Amino acid sequence: RFQRESRRIRKISEPILHRFIVGMILGVVLFPVRITLATLFFLLMWPVARLRLAGLSAAERAEPVRGWRWWLFHHIMLFLSRAVFFSVGFLWIRVKGRQAGLKEAPVLVVAPHSGFLDMLVLYATGLPIVVSRAENCRLPVIGALLEFNQSLIVSRKDPQSRKKCVSQICERVTSDARWPQMLMFPEGTTTNGRALIKFKPGAFLAGVPVQPVLLHYPGEPDTVRWTWKGQTWLGALWHTTSQIHTSVTVEFLPIYTPSHDEKQSPELYAENVQKLMAKALCVPATDYVMEGRSPVKKLGNLSLPLEPPAQETLRLLREHGLTSAHVEAVMNHVIDSCHSGQSSMVTADHLAALLGLKDRKMAVKICSLYSKDDTVDLRQICVSVSAASGFRSLESLIHTAFTWYDADQDGLLSADDLSGLMGALVGVPQYSITEMYTALTARGRPTEASLQDLLMTHPVYRRVCTEYLHSSGSADGNHNGIPNRKANGIK
């Protein structure tokens, strides 16, 4: 049996080791050559981009480019775009299906969005207009390319800019083919492609037909994905250029024409297109969205992270050799110390001593799950870990948390009190609590009993306890994932 197991391990590890060695050798040779060529072609784009709009007034630049400025510079830019991606290793771009004409579908929606190399879809679709962040305009070459593309620019921090961008999108896609097609990534961020996160409604606001476009990277190993968790953009570039070639398929699905209800509700339109594309990709369609740099699920206006900090904390403690009984004893000690009036804010060193960790880095890592520095509120760790592990009943935990976060000690929660309590229960701060507080006060006075009832019976908020706190929420080791609904406590 031992020999069989050894042979099985060798059978798995040898191809991986071989692939790693070959990749390193090819990388040393191919990376500098390919990056040099790609950089050269990329830099050549800059004067072409500037020349296209040279001499035009601001009013003329606000209109679609026509005539010789379009056919001359457009085709040069297409050639340079293909040259850049050819240099990086995309020797062939396979196209499946037919791209719809401008009048058939003014908007192309592309998914999944896997990384910056997805920009090759712009070449495959004829350089359609895109929407970009205002910060990108200040980047060398990129700013000129956005100007060449006559892209729509939006500042995410400025509500007026977002409102103006929405208006411009609707104006352009309903211009009766006066403007070129528009291409959008409705996920709004990069994922590992194993699921589609919730589509943003921007591409669907005008209620015009869209053409779904799928991006496939069928090659092994997967070097292209660049997500919130995993390899860096530089790592993705290194591993991609280290391959002999990287395979990609751009698949055009049939045009999706919205129904009357979908035209009235961009959210419904986006959801139905997401489901259609997920089905074509054979992956789940999820309701996760990006908040900051992390994917979260919305329940009411609560933000529930894809990877609950409590589940990750339990995993780290388990890896460090701590038993369930030890962790439970520590949590009970913390509850007693917080009840006695001691400060709940501790440093990573204090946390390491409290948990019996010999490695301070482990304590720092746990702190980072809950805060931006090396200090953490013990109440957050205690409540969230106890809830996720089942050390205490939910009723007992709510009683403890209610006592801690009832600032006036009058038996009633304010909106700020509820924000702190729910932040402790799920392990991340909850800043938008208005909707939940309204639901709480609709049941009478915001007492502990009312909160218990809300979390047990409300059709939305009871899911915090029944689904979120006891799901794994773990992503795979390299990229985003979706919860697999299995317990992940310490055994």
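Observations on the model:
- Taking the range 114-126 as the range and being buried (at least 21 other Cβ atoms within 10 Å of the Cβ) and part of a loop (DSSP other than H, G, I, E, B) as the test, the residues that pass are Ser114, Gly115.
- Residue match in the range 302-312 (condition: under 24 Å from the mean Cα position of the chain (by Cα) and at positive phi): no
- If you go through the range 129-155 and keep only what is among the β-branched types (Val, Ile, Thr), open to solvent by 40 Å² or more (accessible area, probe 1.4 Å) and outside any helix (DSSP H, G or I), you end up with Val131, Ile153.
- Reported count of residues in the range 414-431, each being open to solvent by 10 Å² or more (accessible area, probe 1.4 Å) and either of a type in the set (D, E, K, R) or closer than 19 Å to Ser386 by Cα (or both), is 6.
- Restricted to the range 205-220, and to residues there that are open to solvent by 40 Å² or more (accessible area, probe 1.4 Å) and part of a loop (DSSP other than H, G, I, E, B), the residue that is nearest to Tyr288 (Cα to Cα) is Leu205.
- Scanning the range 367-417 for residues that are of a type outside the set (A, V, I, L, M, F, W, C), in contact with a helix residue (DSSP H, G or I) (Cβ under 8 Å, 6 or more places away or on another chain) and farther than 25 Å from Pro446 by Cα yields a count of 5.
- Test: residue in the range 187-204 that is open to solvent by 10 Å² or more (accessible area, probe 1.4 Å) and without any contact (Cβ under 8 Å) to a residue 12 or more places away in the chain: no
- Extreme residue, farthest from Ser343 (Cα to Cα), among residues of the range 402-454 that are assigned to a helix (DSSP H, G or I) and among the small types (Gly, Ala, Ser): Ala439
- Given (1) surrounded by fewer than 20 Cβ atoms within 10 Å (Cβ to Cβ); (2) of a type in the set (D, E, K, R); (3) free of Cβ contacts under 8 Å to residues at least 60 places away in the same chain, index of the condition Glu435 fails: (3)
- Residue that is farthest from Ala124 (Cα to Cα) [pool: residues in the range 241-273 that are touching a helix residue (DSSP H, G or I) at 6+ places or on another chain (Cβ under 6 Å) and among the polar types (S, T, N, Q)]: Ser242
- In this structure, Glu448 does not satisfy being at pLDDT 90 or above, more than 21 Å from Ser393 (Cα to Cα) and not polar (S, T, N, Q).
The values are calculated or read from the model by the stated rules, or taken from the named source; none is laboratory data. Given the structure is predicted, the values throughout are model-derived calculations rather than measurements. Positions of Cβ are backbone-derived with ideal geometry, glycine not excepted, and every protein chain shown enters the neighbour counts. Heads up: the accessible areas ignore ligands, DNA and RNA and are worked out on the full protein's heavy atoms, side chains in. Shrake-Rupley method; radii C 1.70, N 1.55, O 1.52, S 1.80 Å.
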